[in-house]
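Have a look at the structure below before the remarks.
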Amino acid sequence: MGMLARVKNLTAGPEELATGIRDQIATAQARVAELLLQQTAAAEASVTNPAAVADYDRATAAVAAANAEVARLETALAAVELKAAEAARQRLLAEQAGLRERVSKILDQRLDVAKRFTGNLELLVRDFRDLVNLSDKAYVAFPRMYGEPPDAVALGNVLLVQLVAAEMFRQGHVAPITGQPTTGRPIPSLPGPKADYSFIELPERITPLADAIAEANKFAVATMEGRT
């Protein structure tokens, strides 16, 4: 083997080495076929010419050496293929680890948003109740010389709730996309208050959004790691 070939073997990856060894095996097997023909011819010649026995012995030794070379190359190929398979497995593990890390970061961001959403929703509920309380106070203090306050001044809960619901719809509704193709999953509209029947009168028993998202994130990580 020349210097350039040795350098190439030192720098080549397992797949490239395996390809080179397969080529060498093919060449060695072709050489075995040639030597077998020579061995057969020497055997036939030795039947009528005792002096040709030495040629037959040399041909037999050459066939044995060529077969041994094929066996050596096949052993080397098996070792390289095993190394190539392990290298491929390590690459796959590294890719999977990278994907798990990326997804885990996204899940952490989602949990942060869930906590922020919960905090903002608490402020929203507080502001809504303040809005109702102030409307009630204005309703009580409203001068009655012309009768009860008209509905249009939005001091009653019915119209006030309608106005708040309309504002939530205005900001949170996503209009359907028509007349053009869509890609990915569409963003849903902001949902209204809703709970399972068993929690209708017991809202304190509902798992907080951030806690539910945290549990979902843990399950997602366990699933990616094959622990489910």
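The values are calculated or read from the model by the stated rules, or taken from the named source; none is laboratory data. Here the structure is a predicted model, which is why all the values come from computation and not from measurement. Counting neighbours? That spans all protein chains shown, and the Cβs are built from the backbone with ideal geometry, glycine included.
Mind checking whether some residue in segment 53-63 is modelled with pLDDT of 95 or more, surrounded by 15 or more Cβ atoms within 10 Å (Cβ to Cβ) and either touching a strand residue (DSSP E or B) at 6+ places or on another chain (Cβ under 8 Å) or under 30 Å from GLU15 (Cα atoms) (or both)? Checked against the condition, which is being modelled with pLDDT of 95 or more, surrounded by 15 or more Cβ atoms within 10 Å (Cβ to Cβ) and either touching a strand residue (DSSP E or B) at 6+ places or on another chain (Cβ under 8 Å) or under 30 Å from GLU15 (Cα atoms) (or both), segment 53-63 yields at least one hit.
Do we have ALA214 as in contact (Cβ under 8 Å) with a residue 60 or more places away in the chain and either under 28 Å from ASP112 (Cβ atoms) or surrounded by 11 or more Cβ atoms within 10 Å (Cβ to Cβ) (or both) here? Considered against the rule, which asks whether it is in contact (Cβ under 8 Å) with a residue 60 or more places away in the chain and either under 28 Å from ASP112 (Cβ atoms) or surrounded by 11 or more Cβ atoms within 10 Å (Cβ to Cβ) (or both), ALA214 comes out as yes. Checked against the criterion of being at pLDDT below 95 and either surrounded by 12 or more Cβ atoms within 10 Å (Cβ to Cβ) or of a type outside the set (Val, Ile, Thr) (or both), the candidates ARG72, ARG91, ARG126, ARG110 yield just one match: ARG91.
Within segment 137-152, the set of residues being part of a helix (DSSP H, G or I) and either outside the structural domain of THR207 (by TED's automatic domain parsing) or touching a residue at least 12 places away in the same chain (Cβ under 8 Å) (or both) comprises ALA138, TYR139. The set of residues in segment 186-211 that are farther than 19 Å from LEU111 by Cα, of a type in the set (S, T, N, Q) and modelled with pLDDT of 85 or more contains only SER189. Criterion applied to ALA84, ALA43 was being surrounded by 14 or more Cβ atoms within 10 Å (Cβ to Cβ), in a helix (DSSP H, G or I), free of Cβ contacts under 8 Å to residues at least 24 places away in the same chain and touching a helix residue (DSSP H, G or I) at 6+ places or on another chain (Cβ under 6 Å), and the one residue passing it is ALA43.
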